[in-house]
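Step one of this worksheet: look at the structure below.
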Amino acid sequence: MQKSTNTLCLIFAIVDKFCKHLERTHRKGGPKPQITQNQILKMMVLKNLLGITSDRSYIRFLGNLGKGIFKKIPDHSWFNRKSKNLLPTFEKFRKYLLSNLDVDSLIRIVDSTPVPVVRYKRGSFPLAKSFERASFGYCASQEEKYFGYKLHLLTTITGIPTDFDITEASLPDVKMLEELISSFNNLITIGDKGYQDFDLKDNLLAENKLVITPDKKNQKRHCNTKAEKSFLKFRSRIEITISQLKDQFNLAKLRAKSALGLATRIMGVMLTMTLGIYVNRLLGRPDFKIKELLL
């Protein structure tokens, strides 16, 4: 118990440090709010670490057990609304943590995963209309149809997520590749067969961006070299990251009521995973032992 308390204090101290950094660059006048920005960030991070997807259930949990952690507990609708307002701050915090993790590298792994919002059969129901751009999609690896979105993800070869985007479920993975890696000048990207597009590969290679995918049966163009095959061995690492996003952070069961609400929860999850990795680095633990942080 004492160990988890100390870890939580460390997590909160990192949030406080970031918020002080943010205040120096974005000073605002006016009275101090009853529940500050850093307190909302702490509440969101704790919610994700505990694996709770319902704001109502989480606020009830804080009311019963969290009064010693937070001085003032908001109602669930206020917490939901303020979390949405902090979307840009979530991403700034995540980038701040990545800069401290030193993830600059010339190699990335790319993949996507389904983010369903309602059951497949309910995709044409009125509730689904609150999710703008959501569509019907098919996940080949899981052999299932779904209605919702796709999370497109770039990770390092050790599995740390660095870049991501959310699109409609029907968008082919390869259509998102160029945009995902647009901010890089030189890059080796490792993907599955869904990213096999020779014309796109040629265009990206002209920009010093090499895309490596497994060979397809009966493909007429060049097969992978021995060096490229050695890079492909890293590809499975992103699957472990995605599995953790689903199992620990409930990526496929976020229970959002709108597209904005879903984006808020996904960005909160990505931030919390990055923060968990950063805390583990400080504690000298394996990067992805995030579930054990509060045990």
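Just a few scattered comments:
- First in the stretch 85-97 and charged (D, E, K, R), second anywhere and open to solvent by 10 Å² or more (accessible area, probe 1.4 Å) and in a helix (DSSP H, G or I), Cβ under 8 Å, 6 or more apart: Glu91/Met267; Lys92/Leu22; Arg94/Met267
- Sole exception among (1) in contact with a Pro (Cβ under 7 Å, 6 or more places away or on another chain); (2) of a type outside the set (Phe, Trp, Tyr); (3) modelled with pLDDT of 90 or more for Arg81, by number: (1)
- Condition check for Asp75 on (1) open to solvent by 60 Å² or more (accessible area, probe 1.4 Å); (2) farther than 21 Å from Ile11 by Cβ; (3) out of contact with any Lys or Arg (no Cβ under 7 Å at 6 or more places or on another chain); (4) in contact (Cβ under 8 Å) with a residue 24 or more places away in the chain: one failure, at (4).
- If you go through the stretch 138-162 and pick out every residue that is more than 17 Å from Tyr195 (Cα to Cα) and in a strand (DSSP E or B), you end up with 8.
- Here the condition is being of a type outside the set (Asp, Glu), on the phi > 0 side of the Ramachandran plot and modelled with pLDDT under 90; of Asn208, Asn224, Asn218, it holds for Asn218 alone.
- For first residues located in the stretch 217-241 and over 20 Å from Thr158 (Cβ atoms), partners that are assigned to a helix (DSSP H, G or I) and open to solvent by less than 80 Å² (accessible area, probe 1.4 Å) and lie 6+ apart or on another chain with Cβ distances below 9 Å form the pairs Gln219/Phe198; Arg221/Phe198; Asn224/Phe231; Asn224/Leu232.
- Residues of the stretch 220-248 satisfying the condition of being part of a helix (DSSP H, G or I), of a type outside the set (Val, Ile, Thr) and loosely packed, with under 14 Cβ neighbours inside 10 Å: Lys226, Ala227, Lys229, Ser230, Ser236, Ser243, Asp247
- Close contacts from the stretch 35-55, counting a first residue that is under 16 Å from Leu65 (Cβ atoms) and assigned to a helix (DSSP H, G or I) and a second that is open to solvent by 20 Å² or more (accessible area, probe 1.4 Å) and among the hydrophobic types (A, V, I, L, M, F, W, C), with Cβ to Cβ under 7 Å and a gap of 6+ residues or different chains, come to Lys42/Phe12; Leu49/Leu294.
- Complete set of residues in the stretch 202-219 that are within 26 Å of the chain's Cα centre (by Cα) and either among the β-branched types (Val, Ile, Thr) or open to solvent by 30 Å² or more (accessible area, probe 1.4 Å) (or both): Leu210, Val211, Ile212, Thr213
- The one condition in (1) farther than 17 Å from Ile266 by Cα; (2) assigned to a loop (DSSP other than H, G, I, E, B); (3) out of contact with any Phe, Trp or Tyr (no Cβ under 7 Å at 6 or more places or on another chain) that Gly194 fails to fulfil: (2)
- Here Ala140 does not qualify as open to solvent by less than 60 Å² (accessible area, probe 1.4 Å) and at pLDDT below 90.
- Looking at Val117, Val110, just one residue is under 30 Å from Asp287 (Cα atoms), at pLDDT below 95, within 19 Å of the chain's Cα centre (by Cα) and not small (Gly, Ala, Ser), and that residue is Val117.
- Total residues in the stretch 103-112 satisfying the condition of being in contact with a His (Cβ under 9 Å, 6 or more places away or on another chain) and surrounded by fewer than 21 Cβ atoms within 10 Å (Cβ to Cβ): the figure is 0.
- Boolean, Leu254 is modelled with pLDDT of 95 or more and either β-branched (Val, Ile, Thr) or open to solvent by less than 80 Å² (accessible area, probe 1.4 Å) (or both): no
- Condition met for Thr167 (crowded, with 19+ Cβ neighbours inside 10 Å, of a type in the set (S, T, N, Q), more than 14 Å from the chain's Cα centre (by Cα) and not in a loop (DSSP other than H, G, I, E, B)): no
The values are calculated or read from the model by the stated rules, or taken from the named source; none is laboratory data. In this text, all values refer to a predicted model and were calculated from it rather than measured experimentally. In this analysis, Cβ positions are derived from the backbone assuming ideal geometry, glycine residues included, and neighbour counts consider all displayed protein chains. The protein model used for the area step is the full one, side chains on, heavy atoms only, and it has no ligands, DNA or RNA in it. Shrake-Rupley method; radii C 1.70, N 1.55, O 1.52, S 1.80 Å.
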